[in-house]
Structures are given as structure tokens and as C-alpha cells.
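Peer 1: First, the structure itself, so that you have it in front of you.
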Amino acid sequence: MTVYRVEVTAKDPTGDFGIVAAAHRLGVDTLQSCRKSRLYFLTDHKGPPLATEQIERLCAALLVDPVVETALISSLPENRPCDINYQLDTEADEQVIEVALRPGVTDVAARVLEQGAAEMGIHGLEAATATQFRLTGVLSLSELRRLARGLLCNETIESYSLGPIEPPFGRSSDARNYVEQIPLAGLDEAALSQCSSERMLSLDVREMKEIQSYYEEIGRAPTDVELETLAQTWSEHCVHKTFKARIAFTRYGPDGSPYPTEEIQGLLHTYIQAATEKVKRSWVRSAFVDDAGIIEFDDKYDLAFKVETHNHPSALEPFGGANTGIGGVVRDIIAVSARPIACTDVLCFGPQNLPQEALPAGVLHPARVEDGVVAGIGDYGNKLGLPTVNGAVIYDDGYLGNPLVFCGAVGMLPKGAHPTAPQKGDRVVVLGGRTGRDGIHGATFSSAELTQATHVESGSAVQIGDPITEKGLIELVENARDARLYSAITDCGAGGLSSAVGEMGEELGADVELMDVPLKYPGLTPWEIWLSEAQERMVLAVPPANLERLQALADLWEVEMRDLGRFSGDGWLRVRYDGRPVAELPMKFLHEGLPLPRREALYHEGGPDRKSRPTGKEQGRTSLNERAVLLQMLSHPSVASKERFVRTYDHEVRGGTLVRPFVGPHMDGPADAAVLKPLGTWDNGRAFSLSVGINPLLGKRDSYSMAVSAVDEAFRNAVAVGADPDRIALLDNFCWGNPTIPDRLGALVRTCQGCYDAAVAYNAPFISGKDSLYNEFDGQPIPGTLLISAIGIVPDMRHTCTSDFKEAGNLIYLLGQSHGELGGSLLSHLMGWEGGEAPAMPNDPLARYRALHASMLSGLIQSCHDLSEGGLAVALAEMCFGGRLGAKVDLLTICGDGFPNHYIQLFCETNGRHLVEVAPADAARFEECLAGLPFALLGEVLPSDQVIFTKGPDRLFQLTLNEISTAWKGDSKDEASN
Amino acid sequence: MAGGTPKIVHINQLRAGAIRFSEFGMLVLPGGFSYGDALGAGVRQALDLQVFLQDELTEFVDSGRPVLGICNGFQTLVKAGLLPGHGREKASGAEQRTSTGNRDVTLTYNARGHFECRWVHLAVEPETKANCLAQIEELVFCPVAHGEGNFQVSDDESLEQLEKRNLVAFRYVDVNGERARGRYPINPNGSVADIAGICNPAGNVIGLMPHPEDHVESIQNPLSGSGRLGLSIFRAIVSRASS
């Protein structure tokens, strides 16, 4: 057996500045340069001996770009230097760190290389890849290790070596036909708890007792396969216990007096689904039943939309976590028989400039998390050929140990094309990627809190995606749907096959053979096969007569397909391994046996510490430098331009992006929402919008206000680009801390109440949602975060709007009233003010949005921008920058009340407001459209580069476009203008 | 829209011989990420072309019928040695299959080191061998979306050869049609001599990094203007196919 090592290096010796800069941030100042090489290891231990000539051919055809790269081929000696004995040669000019994926982690490049070699007639080759970093500068051994751990290698999925790395081939092992019986009989509560935590089941004592008594009744011990299946099916992640639990909720008013305690029969039922039922929109096709919500698009097609979170995996392995987050939500769309057509992402990170010494142990630096997450999202969405078009990024100290990664996907399907009823006798077919030990315990892992030790313990819960396998699934399922080859479909998400087969067979029962599951490598025990969350797999119920046609399609798209068994009709879940039963559970116990919890929830209006709360009037006495504050806001990371990474996402592919993330003549102003025209519908003028509302700062102040404000923000963003306010559907995503703690749960309850009231007021249904709980790090919860995503119908794609000012001389109107609502605002955050009124729900919001929409359809609106973080001042600055035009506005004209000081008008975050630009010739017609609604003519667009704020005759302050650009975009030189 | 009747064919259908090149008048290799670009953009798909489709493709190209590679299609044509295509010999077998080792142009990682999506202006090179493009009178405005679109050559002489033989088809220019001269983001990826697309000496094989298919209707134009459609490129090439 020979192992060849191929080192591929760029001819250009410049190296990677990004790594050097990141090393300096890590405190390794002496690193001067870093050159990266790709390493390929090729071995013949499974096939005929490799000849050097074959390695050279592989290099020429697949491994080396001869124009810009060189290769060094060596065959490895038996005794290689090993990291443990590594001797640092301090005299050397150059130090080497090599990083490889751990065995079992998906290595797509190695697999593609093996296939390519076979195509060239080189059979039986086994490949592995790694990366080499050649570092110059005076570096100590401890500095090298710091660079490796803190920057170059993520030990959750990779290993590193100082000096040459051991070729990272997995060791093969035999199939493991090993099933454990777990005696529960006679165990007391403490022993049951211990059993749950040792096996990472995340089941509480009541649940363990329920299982114990079931098995006592039938007179045997559960197998590991059964216990794991129950733990997955009953996990918070799969069954959403908290949202179904009965809750005793007590709310205390601002003066500390309690309201009567409310008994809530499940948050989902009482608030979220209840709102959908109450508004009863006829265009809702599916809400809360399927893997994604579905609404009508036009008379031929429906749209599916889903947003998921992938927080804990992204905390541990940002690239893989975000990568598989997109992969997972796209499969939710495939699972409603829709063709995915777009992605969204909303991200919450800790502060990017956090000093290294302030980083808690066991946490990746927020800058590293951001880099990895952004790269992971782009990698998956771009490779699937999906435009990533809308999102938001929030920075807050509260996300340091537990970042949030919301991944969304939209799909389109012909009306009535999604079959949902498996039939008795249908085959259980698994399609897509192979199963490995990756992602074991993802569902229970996401239902537990992160601790310092999590990085070490949960490695197997993190995965790397393979978007090209998923691309094959998209095409295959679309073909199979159109040929009507399956009677039900679902994705393999959390819980793997156990959840997918368990849920699809809930009514009928299923009988499956685990030996038939295709594996990446041998050595998995039956429960690991059954639970694995290996990516890119779908489960279909297929009538036996259609198997052959499905196989032909699978062959065309090169997707692996296996028949695992049948939907039996006897209501039992039977799992076998090599014919031997390893699990036998009645579906009824699996799905209905979970004892629903009962929980206590407490909520203090205005926060528990009400004494420190200054009133709006007290704030009004302070004076501040508005000009400086505005510039500070524009450069605040949550407000400032995200162009540096949004441009790493393809937002154009499929040719249907009509309102893009960046707008204006230089294509760098902020967009309120995206507008997309689906391929295949260009025979009509209909399009759709995607927008979001999220404001965790406000949530710290008032949970109810956070909810109504998030709904309003998602709504006003949608209306601002041209969506019909009567055709907007909502998705809710709650990311919260540990819900068994009453005050955490109380804030969640109050948020749900806000969601209900807002949905009813806006007459908008929730069509899908997801909760992610236990987002805590070492006992500290994240700020309770609600994301509202909205999908709206844009009736006429020729009448969309963007936020950039279009022409000097046009008039600027402010729609809506402004109030002294500074609670939870960006201004309060920057000033360190803790109190203040939180924004309320606007009066009759639909009336003003309908009027604005009608004037947009009449072509009266030149530009439109919503007011959110930083209020009027930030919105106006963005419109001026986007259009490269100045403006002059008079604060005296603003409708509203409570302005003891004019910074309230500038920076308050009252809901329900837009700035719009109207040509003078259209002013009368526009004002007629808005008759009876609150609006004010604020000023006009100027041909200069000055943005001027006045109050009556007094000029308050002004700034230039260049100053805005410097603050918002982070560059003083206007790059795009030449 | 451009006058042809396109059919989407999977490479496996061509491999299986179920569909043949000879049935068609023009070939477009579209953008995307063939095999995830796991071994570099277009590399693995280029191997497929060489191993399975070499003879049919050679015949197609030699017959003068047009071939257009966009983004990943362009990367594939370059890595398969079909662009710029000089020095190609009618060899077959293992040697020919790995003959890409002596390429002297490539598309490599963007100078900024990451994938980037933005709209760019393109000018057709006036003297280009791809003379069907001469009917395009205005600039073309369309997006790039790639991580490996940086066109590079092995030495100055290779570049000189390309220029002298008029194998440059498109260059990145500013809104007024002035050469980018390497200025970012007008030249979005650091390509040498602002080269956005090239052709073979016969002028019938053309490749470019930007995506003209994303600007076929004025409503797709982010600057709300009209004209400068990417559609003009398809019209020009289809008209060559049908002539």
C-alpha cells in the first residue's frame, strides 16, 4: 500500500492577508505572512497499486491549475513525524500547521476526486483532503497552537497538526449488530434522571416515568433503539412541548400589582393558530400542518415559505451549522412538493470587536462565528442556484455564547400538487445522501442549553452539507411530483429516519429494515443508523408499482434510492436489523404518550427593575448632539451597510429578483424588502415580496411591544416595496432561553399575546413558525428574540418601489403619527437609558397601508422607506445616500405629540410610519389618496449633497452625503461612483 | 426570445447517448456549480466532456456550430481546453484526456478572495474573432455571480497571443464604455486586461463569466433603464447558428 501526498500551492507568493489580520486580532502580532496550500492524500489500499504516472495524470486533470499553481508530489514513508513529538525548530523561517476534517465528516472534494479518478480508469482509489498553512514570523509553540485552535482549525470537526499531518483516512470497522436492553424497572427518580442525562436523551423525570411505566406494563425493558426513538419524538425540537403546555400566567402591571392569573391551554393553539383561524384568509392553502406554510400565488401556482433556526450547530461550527441550516430549510420546501426558488437569512451575533481576553471559555469569537456563518449560507444557497435575497443582521452582547441563525426558503408548486396521504402497502423509500454517524442527537441537543463543555461533547451533532446532492433531490422530487409517483413525502431532519418514518407512519404504522439503509462507512449500531441526522435525505411513501419509474429518475439525477420497508397498516412501528426486531412500539404511545407539561409563567411590565425607569418626560430634559448621534447610529453595526457580506450571496440567479438587497443609482442603498418574479410565471405581472421584522432591543424593554412592532416592521417593509397589505402572510420564529424558568416563559407568553393582537389587527394569518428554546450559555439566556418573516403578493411588478430618492425638487412626506416612544429604541440603547414608553400598535394600521399601496399602484410614489431603528433621521439619511441626493426637512410639521425635545422626532421608533417621495405634480392626487389619515409634508429633495434638518425657521444641523457614506458604508471614498 | 427553441438536456442523457449533439444547432453550457466545484470551478465537468463526449463535441465545434459557455460553462470550456482552443489536436485516448496540463489561460479565485454578486458593464471587443457579436451595438449590462472568475494567463506572451489573434470577446468597462483598467468593482474579480470573455480562433466557441440571461427584460434592470440587454448576446449567437 502506498500513500501519495499532493501539495498544491499558488505560484503567487503573496499569501492570505485575511488570516494575518485575524491572527493579529487574536493577539499573535508576530505573524508576518500565511500561505495556504491544498493537500490531497491518495491511497490504493482498496484497489490495484497506484503508479506515479497515474498520480501525475490526476494532478493534470483534476488537482492542479497549471496556470496559477504548482504541485509537489511525494509518497509518504511509513514512519511519519507525529504532532505529539513535534519539535519546534525556532531557527526555521517558516512554521507549518496542517488541518484536516475528522474521519466521518463529509469530505465532498475527496468523494468527487474518487469519482473522477474512476472516470479516468483509476479504480479503487481512496482520497482525503487537508489544508496546509505555512506561516512566517517569530512564533512560539504556544502561539502556533493558539493560531491553530483560535483561527485555522475548528476541533469540533477538524484536527490539526504542527508539521505534516497524518493522512486523515477513516479507519474502517465491521458492522455492529449490537442492541442494548436498558432496564428501567425499579429505578427511582434520581436514577431515571441520570439515565436520561448519560444517554443525552433530554427527557425530564415525568417523561422518563411515563416510559418506565409503559415498559413495566408490557413486561420488558426498552431497547436502545426504542428509548432513543421516544427521546427524539418527544423532544422539544420535534414536538414543541412548551408551545403545547398548559401555562399558568401571571402578569404584573408597572406598579407591581398583579392581573388575574390566566390559564393558557397551549401557546400555539391559543395565540398563533387562533389568529390564523380568526382572520380566515381564503388564500391560505396550508398553515401549521405541513413542513412549510403555503399561500396562493396566482391561478396556477402556490408559494411555500418556511424559516428555521440552526443556532446551536452554528455556535459550535459556524460554517457547517449555517450550511446545513440552509440545507434543512430547503428540504422543508421540497417536503411540500415545491420547487425551492429563494433563500433568506437573519443573523444575530455577539459584538465583532470583542477583545480576545473578554471571550468566555468554550466560545468561538463572534467575528469567527460571523465569517463562518456567512460563508456557510453563501456556499449552500449559491451552489443550489437559489438567490439569497433578504434578511437582517443584529449585533448584541446577549448573543455572544449563543448566536442565532435563521434560515428561510421559499418554493413554488402547482396548485394541488402536494400529496399528503401515505397508503397501506406503500414502500418506505429513502432518497439522497448516505447515512453516517453525523448529527446524532441533533434534536435533543437543540433542546438543551450550551455550556463550556458542549464543544467537546457534542461534536457528532454538527454536520457539513453537500449542496450538490441536495440539488439532485430538488430536481428528482420535482420530476417525481409531476409524474405523481409518491403519495407522501417528508424530509429527514432532526431525529433522522426515526422522526421521518415515525411521523409519516403515524396513522398506518411502518415496518422497516435498517440493513437496507446505505451507509457512508460501516460500524454504525442500529440506533445510530435510525437516529443519524446525515444531511440531504428525503423519505417518500411510494406505491410499489411506481418504484421502477422512480428508480429511473433517481439514476438520471444520480441520487441514491433505497426501499426500506412498507407502511403496514397495523399502527405499529417495527424496526428490524438484519431481520431481527430492534424496536416495536405502538404509534399511539409514540405520538400520544408524552405527558404534556404544566408550567408557570411570570411577567413584569416594564421589566422587573421598575425603579430605574425614567419617564419619557425626564429623558426630554437631556440635551444631546443630534448630529453626532445620527452618525453614531449610521455606523452602528446593526444599522450600517451589510454589503461586505451580502454580496457574497448570489441574489440574481433565476433572473427574477426585481427589488434587490441594494438599490439606487450606485446599487448600494438599503432595500426594505425583496421583490421576486418566479420563473415560469412571466405571462402575468404578479410578483411577491419577502421582508422581516425583528427587534430584540425592544424585547428587553417590553415583550408585547416587540411582537406588535415586529409584525408592523415586516408589514411596512413589504408595503414599502409594493406588496398588497391584504395579501401578506406571516411566519413566527421564537428564539428563547430555558422555558422552564417562569420569567423567561412569561416574556414568551407576552410576546405570543402581542403576535395574536397584531395578526388580528393587520388581518394577516400566521402560516408557519418554529420555536428554538434553551438558547442559553452557562445559564445566561439570549435576549428573547422574535423574528417575523412576511411573504406578500405584489400585484403588479411594474409598480414596485425602492428607498433611494429619485429626483431633486420632489416632495418628502412622512406618513403616520410620531409619539415620544423611546423605550427599547436605538437612541435609548446608545444613551444607556433603560426606561421610556415602548412603541404601541398604530391605530388602524391597515387603513394607512392600503392608502399607500393604492397610491403606489397609481404611480404616485417615487420612493418609499420604512422608519425603524433610529427613526426618521436614519431613514432620511439612507434615502439621501441611496439616491445621491440631498434633502431638507422641517420637524415642526410632524404629526403627533409628546415632543419635549426634538431628538424625539428625529429618533423615536413609533410604528406605522413611512417616508415617501412624491413629484410636485402628483402631490394633490397623493394627498387625496391619504385623506383622513395622519401624514405631513416634511420637505423636499435637494440637488446638493446636504441633508438638512430644520425646526421652523431654525436650522438644527446638517450633514453631507460623504459623511453618511463614511458612517454607513464604512468608506470615505465613493467607490461605486466612478 | 432570442429566436431559438431551447431544450434542457442533462449531461447524463448525452453520456448515455439518449440525446446527441448532432440533433442541435447550438450548445449552451450554463452557469451553476457542477459537482459543487469541489476540485475547482468546472474542473470535474471538464473531465466528463473529455472522457465521454470528446468525439461528438469535437465534431460539433469543427462543424462551426456555436457553443456558448456562461460562468461555470465558461470555466468548463477553459478547463477542458476548448477555450481558447489553440493547439488542440485530434488525438484521443488517455493522453488527450489529460492534455489540460499545458493550458495557458485559466479562471481562478477572485482577487478579493470570495464569491461576489454585482452588476457589471461589458463591451464587445471590436475586432473579436467571434464576429457574430459585432451586431451588438451597445454595451451589455448584467450581473456577475462567481468566486472563480479571475481570468489569468501563464505569461505575458500568452496574453499577447490572445490579443493578437483577437480571441478576447468581452471586457469589463464602466457605464460609459471606458476600459476598467483593473479598477474594482468595474472589473469585479481582478481579471487580466479586464477580460470577461474569450472565443476560439474559429470564433464559434464563446465563453464569458457574467450572466446575460439575467437581463432579458428591461424590468430586470436595477437602474430602471432600458436597453443594454444581455438578450442581445443570445440573439447574436442564435443568428449565427441559424445562418
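The values are calculated or read from the model by the stated rules, or taken from the named source; none is laboratory data. All values derive from a computational prediction rather than experimental measurement. Virtual Cβ from ideal backbone geometry, glycine too; neighbours counted across all protein chains shown.
Peer 1: Can you tell me which residues in the stretch A:570-587 are basic (Lys, Arg) and either at positive phi or at pLDDT below 95 (or both)?
Peer 2: Residue satisfying the conditions is A:ARG580 alone.
Peer 1: Oh, and also: Residues being in a loop (DSSP other than H, G, I, E, B) and within 17 Å of B:GLU137 (Cα to Cα): count how many of those fall in the stretch B:152-199.
Peer 2: Selection size over the stretch B:152-199: 5.
Peer 1: Tell me which helices (runs of 4 or more DSSP H) are completely within the stretch B:1-78 and hold 3 or more residues being on the phi > 0 side of the Ramachandran plot, in contact (Cβ under 8 Å) with a residue 60 or more places away in the chain and within 14 Å of chain A (Cβ to nearest Cβ), or say none if there are none.
Peer 2: Output list is empty.
Peer 1: Continuing with this model, one more query. Listed residues A:TYR756, A:TYR774; which is closer than 27 Å to A:ILE247 by Cβ, assigned to a loop (DSSP other than H, G, I, E, B) and not charged (D, E, K, R)?
Peer 2: Just one listed residue meets the conditions, A:TYR774.
Peer 1: I would also like to ask the following. Where in the stretch A:654-713 are there strands (runs of 3 or more DSSP E), lying wholly inside it, with at least 2 residues that are under 25 Å from A:ASP298 (Cα atoms) and not β-branched (Val, Ile, Thr)?
Peer 2: By residue number, A:674-676, A:687-694.
Peer 1: Picking from A:THR681, A:THR740, which residue would you name as being of a type in the set (Val, Ile, Thr) and modelled with pLDDT under 95?
Peer 2: So the residue among A:THR681, A:THR740 that is of a type in the set (Val, Ile, Thr) and modelled with pLDDT under 95 is A:THR740.
Peer 1: State the number of residues belonging to the stretch A:373-385 that are buried (at least 21 other Cβ atoms within 10 Å of the Cβ) and either of a type outside the set (A, V, I, L, M, F, W, C) or over 15 Å from the mean Cα position of the chain (by Cα) (or both).
Peer 2: 8
Peer 1: If I ask for residues that are buried (at least 16 other Cβ atoms within 10 Å of the Cβ) and outside any strand (DSSP E or B), which ones from the stretch A:931-943 would you list?
Peer 2: Within the stretch A:931-943, A:LEU933, A:PRO934 meet the criteria.
Peer 1: Do any helices (runs of 4 or more DSSP H) entirely within the stretch A:201-251 hold 1 or more residues that are touching a strand residue (DSSP E or B) at 6+ places or on another chain (Cβ under 7 Å) and assigned by TED's automatic domain parsing to the domain that holds A:GLY493, and if so, which?
Peer 2: Where helices (runs of 4 or more DSSP H) fall fully within the stretch A:201-251, none carries at least 1 residues being touching a strand residue (DSSP E or B) at 6+ places or on another chain (Cβ under 7 Å) and assigned by TED's automatic domain parsing to the domain that holds A:GLY493.
Peer 1: Restricting attention to the stretch A:181-200, which residues are without any contact (Cβ under 8 Å) to a residue 60 or more places away in the chain, surrounded by 14 or more Cβ atoms within 10 Å (Cβ to Cβ) and not in a helix (DSSP H, G or I)?
Peer 2: Residues satisfying the conditions are A:ILE182, A:LEU184, A:LEU187, A:ARG199.
Peer 1: Let me ask something else about it. What tally of residues in the stretch A:41-60 results from selecting those that are touching an Asp or Glu at 6+ places or on another chain (Cβ under 8 Å) and either crowded, with 18+ Cβ neighbours inside 10 Å or under 30 Å from A:GLN356 (Cα atoms) (or both)?
Peer 2: So the count comes out to 4.
Peer 1: Evaluate the stretch A:785-804: report whether one residue or more is among the aliphatic types (A, V, I, L, M), in contact with a strand residue (DSSP E or B) (Cβ under 9 Å, 6 or more places away or on another chain) and modelled with pLDDT under 95.
Peer 2: No: zero hits.
Peer 1: Does the stretch A:911-930 hold any residues that are of a type in the set (Lys, Arg) and either surrounded by fewer than 16 Cβ atoms within 10 Å (Cβ to Cβ) or part of a strand (DSSP E or B) (or both), and which are they?
Peer 2: Scanning the stretch A:911-930 gives a single hit, A:ARG925.
Peer 1: In the stretch A:520-543, is there at least one residue being over 30 Å from the mean Cα position of the chain (by Cα) and at pLDDT 95 or above?
Peer 2: Checked against the condition, which is being over 30 Å from the mean Cα position of the chain (by Cα) and at pLDDT 95 or above, the stretch A:520-543 yields at least one hit.
So that you can scan it fast, the table gives a plain yes or no per residue for (1) modelled with pLDDT of 85 or more; (2) surrounded by fewer than 23 Cβ atoms within 10 Å (Cβ to Cβ); (3) assigned to a strand (DSSP E or B):
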position: A:ALA409; (1), (2), (3): yes, no, yes
position: A:GLY416; (1), (2), (3): yes, yes, no
position: A:THR420; (1), (2), (3): yes, yes, no
position: A:GLY439; (1), (2), (3): no, no, no
position: A:THR444; (1), (2), (3): no, no, no
position: A:HIS455; (1), (2), (3): no, yes, no
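Peer 1: What are the residues in the stretch A:631-681 that are within 8 Å of another protein chain (Cβ to nearest Cβ) and of a type in the set (Asp, Glu), if any?
Peer 2: Within the stretch A:631-681, A:ASP650, A:GLU652 meet the criteria.
Peer 1: Among residues belonging to the stretch A:799-818 that are of a type in the set (Ser, Thr, Tyr) and assigned to a strand (DSSP E or B), point out the one that is nearest to A:ARG686 (Cα to Cα).
Peer 2: A:TYR813
Peer 1: Looking only at the stretch A:279-320, count how many residues are aromatic (Phe, Trp, Tyr) and surrounded by 20 or more Cβ atoms within 10 Å (Cβ to Cβ).
Peer 2: Count: 3.
Peer 1: Moving on to the next point. Do we have any residue at all in the stretch B:127-146 that's within 14 Å of chain A (Cβ to nearest Cβ), touching a residue at least 24 places away in the same chain (Cβ under 8 Å) and charged (D, E, K, R)?
Peer 2: No; the residues of the stretch B:127-146 include none that is within 14 Å of chain A (Cβ to nearest Cβ), touching a residue at least 24 places away in the same chain (Cβ under 8 Å) and charged (D, E, K, R).
Peer 1: Of all residues in the stretch A:648-691, how many are more than 22 Å from A:PHE805 (Cβ to Cβ) and touching a Lys or Arg at 6+ places or on another chain (Cβ under 6 Å)?
Peer 2: Count: 4.
Peer 1: Within the stretch A:529-588, considering only strands (runs of 3 or more DSSP E) that don't extend past its boundaries, which have at least 2 residues that are in contact with a Lys or Arg (Cβ under 7 Å, 6 or more places away or on another chain) and without any contact (Cβ under 8 Å) to a residue 12 or more places away in the chain?
Peer 2: So the answer is none; nothing clears 2.
Peer 1: Filter the stretch A:19-40 down to residues that are crowded, with 21+ Cβ neighbours inside 10 Å and farther than 20 Å from A:PRO366 by Cβ, then give me how many there are.
Peer 2: Number of matching residues: 4.
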